[in-house]
Amino acid sequence: DDQHVENLKATTFAFNKVFQDHMVLQKAPQRANIFGFSPNVGQKVTLELVTVPATRTSSYETTVQPGQGPAAGIGVWNFVLDPFAAGVTVNIKVDSAGSTLTINDVIFGDVWICSGQSNMQMTVSMILGAADEIANAYKYPNIRLMTIDLIDAPTPQYDLIKLEENWSKPANGPKFTSSESIANKDPDAYV
């Protein structure tokens, strides 16, 4: 909506809301994108990605570009990362004009976008055997979940309007939907 675009125009240097601690980025052979906003078109932006443990550091540089389409009037920066194998965990730092943004505990894996109505609103706590599933959730630390709030948008959006739940792990007590939690116990699969 127009107010959302106005809020973005007034924003400071920031990640798109999908980029947060504990998130999942698509594994190799795909190359993940990380992007955000800045009021300073033409400003240099750098990104440093460090594996955990710190065995590899990758550095990237770009400039803030004028946004297009739904992002018209907004300064946008974007990085296309090198491909990383499933299970690689990284910390990411982005700098521009003395401002620093960080996201930590980012893992590469399969990103599943799940959509639905009541089937996706059913949390693990609602299923048969819920107590056992919840008690064993710590065994699957690579399962991550973010829930976007149910909001109608009459026009395309360049950033998420509202999150119901930030990226989290099973041990953090998220409201994982049962279909995601049970289907993704493969250690190379992430939500």
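Being modelled with pLDDT of 95 or more, of a type in the set (S, T, N, Q), in contact with a Phe, Trp or Tyr (Cβ under 6 Å, 6 or more places away or on another chain) and surrounded by 13 or more Cβ atoms within 10 Å (Cβ to Cβ): is that true of Ser38 here?
It is false that Ser38 is modelled with pLDDT of 95 or more, of a type in the set (S, T, N, Q), in contact with a Phe, Trp or Tyr (Cβ under 6 Å, 6 or more places away or on another chain) and surrounded by 13 or more Cβ atoms within 10 Å (Cβ to Cβ).
Which count do you get for residues in region 125-165 that are of a type in the set (A, V, I, L, M) and over 23 Å from Val18 (Cα atoms)?
8
Table: residues versus (1) modelled with pLDDT of 80 or more; (2) within 30 Å of Thr63 (Cβ to Cβ); (3) surrounded by fewer than 19 Cβ atoms within 10 Å (Cβ to Cβ); (4) out of contact with any Phe, Trp or Tyr (no Cβ under 6 Å at 6 or more places or on another chain).
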site	(1), (2), (3), (4)
Val90	yes, yes, no, yes
Trp112	yes, no, yes, yes
Ser115	no, no, yes, yes
Met120	no, no, yes, yes
Glu164	no, no, yes, yes
Trp167	no, yes, no, yes
Pro174	no, no, no, yes
Ala183	no, no, yes, yes
Val191	no, no, no, no
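Please work out if Gly73 is among the small types (Gly, Ala, Ser), touching a helix residue (DSSP H, G or I) at 6+ places or on another chain (Cβ under 7 Å) and either outside any strand (DSSP E or B) or under 16 Å from Lys27 (Cβ atoms) (or both).
For Gly73, the condition - among the small types (Gly, Ala, Ser), touching a helix residue (DSSP H, G or I) at 6+ places or on another chain (Cβ under 7 Å) and either outside any strand (DSSP E or B) or under 16 Å from Lys27 (Cβ atoms) (or both) - is met.
So Asp82 passes all but one of these: (1) more than 19 Å from the chain's Cα centre (by Cα); (2) part of a loop (DSSP other than H, G, I, E, B); (3) at pLDDT 95 or above. Which condition number does it fail?
Here Asp82 clears every test but (1).
Scan region 27-40 and give yes if some residue there is assigned to a loop (DSSP other than H, G, I, E, B), over 17 Å from Pro83 (Cα atoms) and either among the β-branched types (Val, Ile, Thr) or under 21 Å from the mean Cα position of the chain (by Cα) (or both), otherwise no.
Scanning region 27-40, I find no residue that is assigned to a loop (DSSP other than H, G, I, E, B), over 17 Å from Pro83 (Cα atoms) and either among the β-branched types (Val, Ile, Thr) or under 21 Å from the mean Cα position of the chain (by Cα) (or both), so the answer is no.
Go through region 101-158 and report how many residues are within 30 Å of Thr46 (Cβ to Cβ) and in contact (Cβ under 8 Å) with a residue 60 or more places away in the chain.
15
The values are calculated or read from the model by the stated rules, or taken from the named source; none is laboratory data. This one's a predicted model, so the numbers in the text were calculated from it and none came from an experiment. Backbone-built Cβ (ideal geometry, glycine too); neighbour counts: all protein chains shown.
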